[in-house]
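Right, one structure below, let's go through it.
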Amino acid sequence: TVRLHDFCHMAVLVVSGFETCGGCIQYRTDMAQFMDQYFDRGLMVIDFLAQNSAGATPNEEDLTRWADGHNYAVLADPNWGTTSTGYDKDNSYPSISLLGPGAEVIMLDARDADTLIEDHLPEGFSLPDYVQGDMDDGASR
């Protein structure tokens, strides 16, 4: 279980899409780069996959394939239940929203997250020791 509340001290990039969406396929590399560049400064990326290539709710195998070695959370969004009810305003995908620390909505369903992340990272953020230790040992995020 992933709860957005667990990341309220961080900036959170919430992304949603589906497996056969060309734009959704392309953004995955960008999201991985944002995670690499900003994670240790307070950014978490959460990717909601709403449909697999057959148009069904993604199963664990679909999520693993979609993650394909990327270092951010990939979660199923059955029936678009999470992202369509609050993060998608124009019914086009991918849907990308940025929440600032305290879950302040910075950007809702826009494509220019890269221009806003830097300015909305938490002040004075540092990774907890247990996370830093895992990263030093080569563990994925």
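From Cα pairs below 8 angstrom and at least 6 apart in sequence, can you work out the relative contact order of region 1-81, rounded to a whole percent?
Rounded, it is 32 percent for region 1-81.
Using modelled backbone amide H atoms (1.01 Å from N, in-plane), which distant-in-sequence or interchain residues come within less than 5 Å of V74's amide H?
Here the answer is D47, since their amide H atoms fall under 5 Å of that of V74.
For the peptides 59-69, 38-48, 100-110, what is the packing order when you average, over each peptide's residues, the other Cβ atoms within 10 Å and list the highest mean first?
The peptides rank, most packed first, as 38-48, 100-110, 59-69.
Can you compute the modelled spin-label distance between L63 and C8, with each label point 7 Å from Cα toward Cβ, in nm?
Placing both labels 7 Å beyond Cα along the Cβ direction yields 2.4 nm.
Taking a point 7 angstrom from the Cα of N79 along the C-beta vector, which residues in region 1-33 have backbone N less than 15 Å away?
Output list for this probe position: empty.
Please list, in chain and number order, the residues 5+ apart from M44 or on another chain whose amide H is under 5 Å from its amide H, with Hs placed from the backbone.
Sorted by chain and number, the residues that satisfy this are A11, V12, L13.
Using a 7 Å offset from the Cα along the Cα-to-Cβ direction at both A103 and T29, what is the distance between the two label points in nm, to one decimal?
Output for this residue pair reads 3.5 nm.
How long is the gain from T20 to S53 if the chain were fully straight, where each residue apart is worth 0.36 nm and the alpha carbon distance is subtracted?
Full extension of this stretch gives 11.3 nm more.
For a distance above 17 Å, tell me the whole-number percent of Cα pairs in region 1-63 that qualify.
Value for region 1-63 (Cα pairs over 17 Å): 46 percent.
Computed from the coordinates by the stated procedures, all read-outs in this text should not be read as laboratory data. Given the structure is predicted, the values throughout are model-derived calculations rather than measurements. Neighbour counts are summed over all protein chains in view; Cβ atoms, including those assigned to glycine, are modelled from backbone coordinates with ideal geometry.
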